[in-house]
Amino acid sequence: MQSKKKKIYSDRVTAELFINLQKLLRCFDFDRGLRGRKTMLTVRQMQVLSFFNESDVVHISEVSRKLNMSMQSVNNLVKRMEVMGYVERTQNEQDKRLSDICFTQKGRDGFDMFRAGQLGTLHRLLEQLDEAERKQVLQALECAAGLFQKAVMSASQDDMPASSQ
């Protein structure tokens with residue numbers, strides 16, 4: 001009886017978490033991008049562009065590994081973003097097998113504008129909370145982000161052939 005009750009509780013918590021994550025994501029206007037117009041970027045392309053938060057140069061193999069996508073799929077995403085003028089691809093100086101992916105000025109400006117809009121939304125929301133509540137939200141999100149990153153890394157490890165682990 002105890003394990004059944006625990007499973008029901010776990011399923012309920014999982015469902016509530018999923019619903020709240022959906023609500024949270026809907027609060028951000030990921031569909032609007034450059035200068036308030038609808039952007040032609042897909043969610044996956046925005047995920048690729050998000051790597052530029054951490055580095056000025058991104059490698060396809062890194063994106064492929066972190067998003068658990070095939071190299072070909074990432075290449076196709078990058079090609080479409082190149083055509084749209086958001087990124088450019090150059091050969092890596094140290095390892096000629098790698099391509100360096102960099103923002104173009106159009107890509108950087110658009111991404112900075114998109115990010116500023118999202119940060120503005122967050123700022124307005126957080127202003128409604130007192131300091132203790134802001135810290136609580138930050139700690140909860142840091143914990144959740146760490147948990148999800150571990151899950152993604154674990155899933156990536158599980159998908160790798162035993163010989164490459």
Put a dot 7 Å past each Cα toward the Cβ at Q72 and T104; how far apart are the dots in nm?
2.7
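Dipole magnitude of the range 8-156 about its Cα centre, charges +1 at Lys/Arg Cβ and -1 at Asp/Glu Cβ only, in debye to the nearest 20?
On the way: 22 positive and 19 negative charges, 117 e Å.
Charge dipole, the range 8-156, about its Cα centre: 560 debye, nearest 20.
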In the range 87-140, the GluC sites (Glu not before Pro) that sit in a DSSP loop and have at most 11 other Cβ atoms within 10 Å of their own Cβ are E93, E127
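What per residue convex hull volume, in Å³, comes out for the range 98-143 when only alpha-carbon positions are used?
Details: hull volume 4.0 nm³, N = 46.
In the range 98-143, the Cα convex hull volume per residue is 87 Å³.
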Total lysine pairs under 22 Å (Cα atoms) in the range 8-156, excluding pairs fewer than 8 apart on one chain
9
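Taking the inverse of the average 1/r across all pairs of different Cα atoms in the range 8-156, what Kirkwood radius in Å do you get? Please list the in-between numbers first.
On the way: mean 1/r = 0.0569 Å⁻¹.
Hydrodynamic radius (Kirkwood, Cα only) of the range 8-156 equals 17.6 Å.
Bear in mind these aren't lab numbers, they're just calculated from the coordinates by the rules spelled out. Because the structure is a prediction, the values reported are computed rather than measured. Cβ atoms come from the backbone with ideal geometry, glycine included; neighbour counts cover every protein chain shown.
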